[in-house]
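Participant: Structure provided below as structure tokens; questions to follow.
The values are calculated or read from the model by the stated rules, or taken from the named source; none is laboratory data. The structure presented is a predicted model; accordingly, all values stated were derived computationally and were not measured. Because the Cβ atoms are built from the backbone with ideal geometry, glycine has one as well, and the counts that use them run over all protein chains shown. In case anyone asks, the SASA skips ligands and DNA or RNA and just uses the protein heavy atoms, side chains included. Shrake-Rupley method; radii C 1.70, N 1.55, O 1.52, S 1.80 Å.
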Amino acid sequence: MVTSYLNSQKHKDLGYLTAILNILNSLIVLNFGQINAISSVVSAIVDVILKEKEKIVPNPVLVHYTYLAYVALKMEGSESAAKLWPFFDEAAKKKLITYWKVTKLDAVSKTEETIISHIKDKSIPDLGLHSVKVYPHQVPTPNGNFYVINNFDNIDKEFEQKSLELTESSLVVPYKPDYLLEEGIWIEINGPQHYIRHLDAGIKQNAYSLEGFSAFKHEFVKRLGFTYLEIPFYRTKDSAERFAHNQLVEAKSKLNKGT
């Protein structure tokens, strides 16, 4: 039924293709960890993407949406990942790199800068932790090597110099950590755009939950093997610094115990 509906849409303009890619990514978000349960639907949507490749590739945003779906399917070991990989020819890769370079500029808010400075200057030395200094940072997984980037500003040069490649078994993580530790701790300082507020919860700090795609990013990062440390926007500067330090203490304790 899904396949017949998708194929019945004769006028596949960019609006339609954007919707299809958003549906695919939404299905992945909702079913991450059990993608095989919706494999037929995913496969049908991938078929449409491959058929409409010539319309999608000129648009860097749509190529990015396609890549988000691909890396998630790859992480899941889905058969649809292998089916989708041929989409990423040299033209598509160039559009993807262009998108990353333009949209993932290394902009840091004053609050984020203050908290990161406190983590670097106080928490890390006090706890005997270590910042990741070499990027791209390689993360081996059963389904290929994933590379974490801390600065996308020069990613085009990384590819030109072959210090980074995009292959079926060598993939760039499409998410950038605010800070990363060698001990496998991924730190995010999240602004209000990452949350949904529960209207019946008043002004309590627990009145917020991560919105869907931010929650998915959390799960994806955890699947890569990282401990995910989230510092939410609703904490004051002093509270955020204490919270970050306490979270790092807890994370280190768990790592020492092997839990």
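Participant: Out of LYS222, LYS176, I need the residue that is touching a residue at least 12 places away in the same chain (Cβ under 8 Å) and under 14 Å from the mean Cα position of the chain (by Cα). Which one?
Facilitator: The match here is LYS176.
Participant: Please verify whether region 209-228 includes one or more residues that are in a strand (DSSP E or B), at pLDDT below 80 and open to solvent by less than 70 Å² (accessible area, probe 1.4 Å).
Facilitator: yes
Participant: Condition first: open to solvent by 50 Å² or more (accessible area, probe 1.4 Å) and free of Cβ contacts under 8 Å to residues at least 24 places away in the same chain. Now tell me which residues in region 236-252 satisfy that.
Facilitator: Hits for region 236-252 are THR236, ASP238, ARG242, ASN246, GLN247, GLU250.
Participant: As an exercise: evaluate PHE233 against (1) within 12 Å of the chain's Cα centre (by Cα); (2) under 28 Å from VAL249 (Cβ atoms); (3) crowded, with 16+ Cβ neighbours inside 10 Å and give the number of the one condition it does not meet.
Facilitator: Against the list (1) within 12 Å of the chain's Cα centre (by Cα); (2) under 28 Å from VAL249 (Cβ atoms); (3) crowded, with 16+ Cβ neighbours inside 10 Å, PHE233 comes up short only on (1).
Participant: Restricting attention to region 99-147, which residues are open to solvent by less than 60 Å² (accessible area, probe 1.4 Å) and part of a helix (DSSP H, G or I)?
Facilitator: Listed by number, the residues that qualify are TYR99, TRP100, GLU112, THR114, ILE115, ILE116, SER117, HIS118, ILE119, SER123, ILE124, LEU127.
Participant: Could you list, ordered by first residue, the pairs with Cβ atoms under 7 Å in which the first is in region 36-49 and closer than 14 Å to PRO86 by Cβ and the second is open to solvent by 30 Å² or more (accessible area, probe 1.4 Å), at least 6 apart or interchain?
Facilitator: Pairs found: VAL46/LYS83.
Participant: Let me ask something additional. Specify which of the listed residues (LEU199, LEU181) is under 30 Å from PHE233 (Cβ atoms) and at pLDDT 95 or above.
Facilitator: None of the other options fit; the residue is LEU181.
Participant: Let me ask something else. Hey, can you tell me all the residues within region 11-29 that are out of contact with any helix residue (DSSP H, G or I) (no Cβ under 8 Å at 6 or more places or on another chain) and either among the aliphatic types (A, V, I, L, M) or assigned to a helix (DSSP H, G or I) (or both)?
Facilitator: Passing the criteria: GLY15, TYR16, ALA19.
Participant: A further question on this structure: So which of LYS110, LYS104, LYS53 is more than 30 Å from THR236 (Cβ to Cβ) and either among the charged types (D, E, K, R) or touching a Pro at 6+ places or on another chain (Cβ under 6 Å) (or both)?
Facilitator: LYS53
Participant: Only one of these conditions is not met by GLU241: (1) more than 12 Å from HIS118 (Cβ to Cβ); (2) in a helix (DSSP H, G or I); (3) of a type in the set (Asp, Glu). Which number is it?
Facilitator: (1)
Participant: State all residues of region 155-173 that are over 15 Å from the mean Cα position of the chain (by Cα) and touching a residue at least 24 places away in the same chain (Cβ under 8 Å); if no residue qualifies, say none.
Facilitator: Answer for region 155-173, where residues must be over 15 Å from the mean Cα position of the chain (by Cα) and touching a residue at least 24 places away in the same chain (Cβ under 8 Å): ILE155, ASP156, PHE159, SER163, LEU164, LEU166, GLU168, SER169, SER170.
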